[in-house]
């Protein structure tokens, strides 16, 4: 209809922009490491669909290559895939890794659009930081329950929690969070998936004419 936007409005669970002067690799890792744990949760029974492992492994490859824009694109694709109703419901806080695509609506329907741009970005960043803290705690709990040594990362979790309370999502908070994600990414195995079934081409007998 006339005046309708040609893209979905921003949603609260959409990943916000990286903090100013942030290292792009760290920004990717803050999404990649918890996604690695999410795909190792028991609900998948070690047989994750290639529809999920595909974008995740692309993100891992691009991250290893230092291609952070394309790693971010692959993580965006994974977030949208997570929101599809055909999958089991992930427990909190991992379910917040999902990003659904809402129907187009006027920007005025999103109350956050009434905020000044700086205030809107600060709100998004604070929500993202709160989610990061919850994901870090849940990831360490999962790893410990699955015999992955993470005791040395607990002090960083305590530091991140204290920094968030006293200073909000500033440099001390992100330094502590990033230390957790480096450890989690290095220690948690990559998810295993169910290979996509593809029919093998039939081989013609020797000497037979092609059909």
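Rundown of residues vs (1) in contact with a strand residue (DSSP E or B) (Cβ under 8 Å, 6 or more places away or on another chain); (2) farther than 21 Å from residue 188 by Cα, yes/no style:
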position: 50; (1), (2): yes, no
position: 53; (1), (2): yes, no
position: 61; (1), (2): no, no
position: 75; (1), (2): no, no
position: 84; (1), (2): no, yes
position: 95; (1), (2): no, no
position: 99; (1), (2): no, yes
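Suppose the filter is crowded, with 17+ Cβ neighbours inside 10 Å, modelled with pLDDT of 95 or more and not in a helix (DSSP H, G or I); does residue 26 pass it? It would help to see each step written out before you state the result.
Working: crowded, with 17+ Cβ neighbours inside 10 Å: yes; modelled with pLDDT of 95 or more: yes; not in a helix (DSSP H, G or I): no.
Here the answer is no, as residue 26 does not meet what is asked.
What residue, of 80, 99, is assigned to a loop (DSSP other than H, G, I, E, B) and either within 11 Å of the chain's Cα centre (by Cα) or under 18 Å from residue 26 (Cβ atoms) (or both)?
On the way: 80 fails: assigned to a loop (DSSP other than H, G, I, E, B).
Matching residue, one of 80, 99: 99.
Filter the range 48-77 down to the residues that are in a loop (DSSP other than H, G, I, E, B) and free of Cβ contacts under 8 Å to residues at least 60 places away in the same chain, then identify the one that is surrounded by the fewest Cβ atoms within 10 Å (Cβ to Cβ). Spell out how you get there, then give the answer.
Filtering the range 48-77 down to residues in a loop (DSSP other than H, G, I, E, B) leaves 49, 66-67.
Cutting the leftovers down to free of Cβ contacts under 8 Å to residues at least 60 places away in the same chain gives us 66-67.
Details: 66: 10, 67: 15.
Checking each candidate, the answer is 66.
The values are calculated or read from the model by the stated rules, or taken from the named source; none is laboratory data. None of these values were measured; they are calculated from a predicted model. Ideal geometry is used to build each Cβ from the backbone, glycine not excepted, and the neighbour counts take in all protein chains shown.
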